[in-house]
Amino acid sequence: MKRGMVFTVAIISSVVLQVAGSAADDVITLTKPPEFGATMSGRIYPPAKSAVERTAMPITPETVLNAVDARIRALFDRAADPSTHLVTIESANRAGVGYFVDNFALIDRDQDGSLRYSEVKGFFDAQSPIKRPASKEIQIIE
């Protein structure tokens, strides 16, 4: 126990002496490393002076529909086979678009085993609450 106490005192005193002996202008500044390309060329580029300001887009049915259409197109393009530009279950599975795989039979209207963009777009448009607004009437079924 005495050795442990001596060891602890030695470590604490060395840390205190090291901190006390440092000058006020001994400062370590941690910065983000430069991008990969900058280190490869041997140059370090400073960060941009001003950030690009983004303007908020108003949320309207048109902007929402455009965003949804862009997402549908991106998913279709990711899942489509480059040679045929059609989506099969295998290509959708490889691309990680599980929604296409899970709903393939519902989306594939002509049952030919592949999806065209028009089939995918039609499937999502039929489910859209924006293009097909809910009725305000309450229907009571007895």
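The values are calculated or read from the model by the stated rules, or taken from the named source; none is laboratory data. Source: prediction; values computed, not measured. Glycine also receives a Cβ, built like all others from the backbone with ideal geometry; neighbour counts cover every protein chain displayed.
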Hey, among 84, 88, which residue is modelled with pLDDT of 90 or more, within 30 Å of residue 127 (Cα to Cα) and touching a strand residue (DSSP E or B) at 6+ places or on another chain (Cβ under 8 Å)?
88
Scanning the range 65-93 residue by residue, those of a type in the set (D, E, K, R) and out of contact with any helix residue (DSSP H, G or I) (no Cβ under 8 Å at 6 or more places or on another chain) turn out to be 71, 77, 90
Pick out, from the range 55-137, the helices (runs of 4 or more DSSP H) lying fully within it that include 3 or more residues that are buried (at least 16 other Cβ atoms within 10 Å of the Cβ) and without any contact (Cβ under 8 Å) to a residue 60 or more places away in the chain.
61-79, 89-95, 117-127
